[in-house]
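Read through the structure below, which is laid out as structure tokens, and then see the notes.
The values are calculated or read from the model by the stated rules, or taken from the named source; none is laboratory data. This structure is a prediction, so every number in the text was calculated from the model and none was measured. Counting neighbours? That spans all protein chains shown, and the Cβs are built from the backbone with ideal geometry, glycine included. Accessible surface areas use protein heavy atoms only, side chains included; no ligands, DNA or RNA. Shrake-Rupley method; radii C 1.70, N 1.55, O 1.52, S 1.80 Å.
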Amino acid sequence: MTPDRKRFTDELVGHLDWFAERGRKVSFWWRDDDAIEPTPALDRMLQIANTHGIDLALAVIPKNATDALAERLSDEPHAFVLQHGWQHKNFQLKEKREKAAELGSRRDPDELMAQLAEGKERLQSLFGEKFIPAIVPPWNRIDPEISRRLPGIGLPGLSTFTFHNFPHDHQVQSHIDILKWKKQVRFIGWESARLRFDLQLCRRRNTGNEPVGLLTHHLAHDEASFDFLEEFLAIAAHHEGAAWPAVTGLFG
């Protein structure tokens with residue numbers, strides 16, 4: 001075990017011990033983005049979730065979601081589906097240095113809400129009770145006007161990243177993305193993971209019990225990313241100082 005990896009595991013155990021010693025638990029949840037079809041990488045994610053007995057919330061792109069994905073997930077006890085926009089297409093203007101967003105300020109709200117409503121119907125049809133009526137905006141960005149309209153089309157839930165557009169009723173955030181995206185996509189590394197978990201777990205010592213959201217993208221994972229998930233969950237999914245509430249209850 002490398003020094004960085006050992007330091008990560010030691011500090012994670014130390015944090016969870018702190019909660020357990022005080023009769024408390026820190027909550028976690030796991031969101032994985034961009035699913036559309038069965039893949040070997042998705043199979044690995046589902047196997048990890050089943051091994052550790054925790055729920056995996058898959059943000060599925062409605063326009064491209066396949067019947068094969070619905071069939072693959074139908075008997076998976078820990079797999080649930082959130083709505084990942086409509087088509088995962090950027091509508092912001094790169095030449096104006098606007099950050100990528102499908103649900104951003106460049107959209108006609110009426111047109112967009114119609115697309116999201118169609119996406120909701122499609123995911124309900126494909127996945128039935130596994131579908132949770134919650135939006136995960138592509139690139140984790142959503143215009144406030146669109147956010148306000150979501151409950152009106154039966155999508156009260158929302159999940160973005162860190163503090164974006166938060167708080168919001170029925171909003172459950174992701175906080176720790178295990179991938180480094182610039183240049184070559186790869187695992188962030190044990191030291192970066194340690195620092196990110198340390199920040200979130202220190203906050204939970206002194207604030208409310210907002211679940212710490214683990215964010216993954218199975219289609220982009222390298223081997224180190226899967227290795228991290230196995231190591232992290234071997235500790236966090238089984239420690240008396242940690243809780244993994246059912247995803248179906250997180251969004252109210």
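Collect the residues in the stretch 122-165 that are within 19 Å of residue 32 (Cα to Cα), open to solvent by less than 10 Å² (accessible area, probe 1.4 Å) and out of contact with any helix residue (DSSP H, G or I) (no Cβ under 7 Å at 6 or more places or on another chain), keeping them in residue-number order. Within the stretch 122-165, 134, 136, 137, 138, 157, 159 meet the criteria. Set side by side, the residues 116, 155 differ, and just one is at negative phi, among the aliphatic types (A, V, I, L, M) and assigned to a loop (DSSP other than H, G, I, E, B), which is 155.
From the residues in the stretch 202-213 that are in a loop (DSSP other than H, G, I, E, B) and in contact with a Ser or Thr (Cβ under 8 Å, 6 or more places away or on another chain), which one is surrounded by the most Cβ atoms within 10 Å (Cβ to Cβ)?
Within the stretch 202-213, the first condition is being in a loop (DSSP other than H, G, I, E, B), and the residues that meet it are 207-211.
From the residues that got through so far, the ones that are in contact with a Ser or Thr (Cβ under 8 Å, 6 or more places away or on another chain) too are 209-211.
Values: 209: 12, 210: 17, 211: 21.
Among those that are in a loop (DSSP other than H, G, I, E, B) and in contact with a Ser or Thr (Cβ under 8 Å, 6 or more places away or on another chain), it is 211.
Once the stretch 199-252 is narrowed to residues that are charged (D, E, K, R) and over 19 Å from the mean Cα position of the chain (by Cα), the residue that is nearest to residue 36 (Cα to Cα) is 223. Checking each residue in the stretch 225-252 for being touching a Phe, Trp or Tyr at 6+ places or on another chain (Cβ under 8 Å) and assigned to a loop (DSSP other than H, G, I, E, B) picks out 237, 241, 244, 245. Residues of the stretch 1-46 that are outside any helix (DSSP H, G or I) and either without any contact (Cβ under 8 Å) to a residue 40 or more places away in the chain or open to solvent by 30 Å² or more (accessible area, probe 1.4 Å) (or both): 1, 2, 22, 23, 24, 25, 34, 36, 37, 38.
The numbered conditions (1) open to solvent by 40 Å² or more (accessible area, probe 1.4 Å); (2) assigned to a loop (DSSP other than H, G, I, E, B); (3) in contact (Cβ under 8 Å) with a residue 60 or more places away in the chain are all true for residue 88 except (3). Taken as a whole, the stretch 47-64 holds no residue that is at pLDDT 95 or above, surrounded by 15 or more Cβ atoms within 10 Å (Cβ to Cβ), assigned to a strand (DSSP E or B) and of a type outside the set (A, V, I, L, M, F, W, C).
Check whether at least one residue in the stretch 214-222 is open to solvent by 40 Å² or more (accessible area, probe 1.4 Å) and assigned to a helix (DSSP H, G or I), and report yes or no. Taking every residue of the stretch 214-222 in turn, at least one turns out to be open to solvent by 40 Å² or more (accessible area, probe 1.4 Å) and assigned to a helix (DSSP H, G or I). Taking the criterion of being among the small types (Gly, Ala, Ser) and open to solvent by 10 Å² or more (accessible area, probe 1.4 Å), the residues of the stretch 105-121 that qualify are 105, 114, 117.
In the set (1) under 30 Å from residue 238 (Cβ atoms); (2) in contact with a helix residue (DSSP H, G or I) (Cβ under 8 Å, 6 or more places away or on another chain), residue 47 fails one condition alone, (2). Considering the stretch 166-201, the residues that are free of Cβ contacts under 8 Å to residues at least 60 places away in the same chain and part of a helix (DSSP H, G or I) include one that is least open to solvent (accessible area, probe 1.4 Å), namely 200. Mind checking whether some residue in the stretch 78-85 is farther than 30 Å from residue 147 by Cα and open to solvent by 40 Å² or more (accessible area, probe 1.4 Å)? No, the stretch 78-85 contains no residue that is farther than 30 Å from residue 147 by Cα and open to solvent by 40 Å² or more (accessible area, probe 1.4 Å).
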